[in-house]
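The values are calculated or read from the model by the stated rules, or taken from the named source; none is laboratory data. No experiment lies behind these values; they were computed from the predicted model shown. Backbone-built Cβ (ideal geometry, glycine too); neighbour counts: all protein chains shown.
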Amino acid sequence: MKYWLFLLAAIISEVTATSSLKASDGFTKLLPSIIVVVGYALSFYFLSLVLKVIPIGIAYAVWAGLGIVLLALVGWLVFGQPLDTPALWGMGLILTGVIVMNVFSKTVSH
């Protein structure tokens, strides 16, 4: 269970870093630039812990899938980037795929 929490920490760190990358304005703003570097470092650190237990394909699929959805939401809420119906459908399919893998895949239980 703790490795799933580590994966969540990796995802949140990566989403924070990527959001700050947009805010850094090409690394011209100091605070967002620092958050980018620290966020990515934490993200990869937590992912490295996760990969001790969770298979890389599953861990990366969950990380990428949830990261995409969370970043789209941050883009919408923070940066005012619109989400149209196809984008929402696509994110729903991504979330469905992550749920299916975690509920039904025997690979996840290793």
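Being at pLDDT 95 or above and loosely packed, with under 15 Cβ neighbours inside 10 Å, is that true of even one residue in segment 54-72? No, segment 54-72 contains no residue that is at pLDDT 95 or above and loosely packed, with under 15 Cβ neighbours inside 10 Å.
Take the residues in segment 73-110 that are touching a Ser or Thr at 6+ places or on another chain (Cβ under 9 Å) and β-branched (Val, Ile, Thr), then tell me which one is surrounded by the most Cβ atoms within 10 Å (Cβ to Cβ). If you could, list the steps in order and put the result at the bottom.
Keep residues of segment 73-110 that are touching a Ser or Thr at 6+ places or on another chain (Cβ under 9 Å), which gives 74-75, 78-79, 101.
Going one step further and asking which of them are β-branched (Val, Ile, Thr), we end up with 74, 78.
Numbers: Val74: 16, Val78: 11.
Selected residue: Val74.
Answer yes or no: is there a residue in segment 82-101 that is at pLDDT below 95, outside any helix (DSSP H, G or I), of a type in the set (Val, Ile, Thr) and within 17 Å of Glu14 (Cβ to Cβ). Scanning segment 82-101, I find no residue that is at pLDDT below 95, outside any helix (DSSP H, G or I), of a type in the set (Val, Ile, Thr) and within 17 Å of Glu14 (Cβ to Cβ), so the answer is no. Filtering segment 51-81 to residues that are assigned to a loop (DSSP other than H, G, I, E, B) and either hydroxyl-bearing (Ser, Thr, Tyr) or touching a helix residue (DSSP H, G or I) at 6+ places or on another chain (Cβ under 9 Å) (or both) leaves Leu51, Lys52, Val53, Ile54, Val78, Phe79, Gln81. Across segment 1-36, the qualifying residues are those that are outside any loop (DSSP other than H, G, I, E, B) and among the β-branched types (Val, Ile, Thr), and the one among them that is nearest to Tyr60 (Cα to Cα) is Ile11.
Which ones in segment 53-88 are under 19 Å from Met101 (Cβ atoms) and more than 12 Å from the chain's Cα centre (by Cα)?
So in segment 53-88, the residues under 19 Å from Met101 (Cβ atoms) come out as 53-70.
The answer is Val53, Ile54, Pro55, Ile56, Gly57, Ile58.
Any residue at all in segment 3-19 that's without any contact (Cβ under 8 Å) to a residue 24 or more places away in the chain and either surrounded by fewer than 15 Cβ atoms within 10 Å (Cβ to Cβ) or among the acidic types (Asp, Glu) (or both)? Yes, the conditions are met somewhere in segment 3-19.
Being of a type in the set (A, V, I, L, M) and either over 14 Å from Trp4 (Cα atoms) or over 16 Å from the mean Cα position of the chain (by Cα) (or both) is the filter here; which residues of segment 89-100 pass it?
So in segment 89-100, the residues of a type in the set (A, V, I, L, M) come out as 91, 93-95, 98-100.
Listed by number, the residues that qualify are Met91, Leu93, Ile94, Leu95, Val100.
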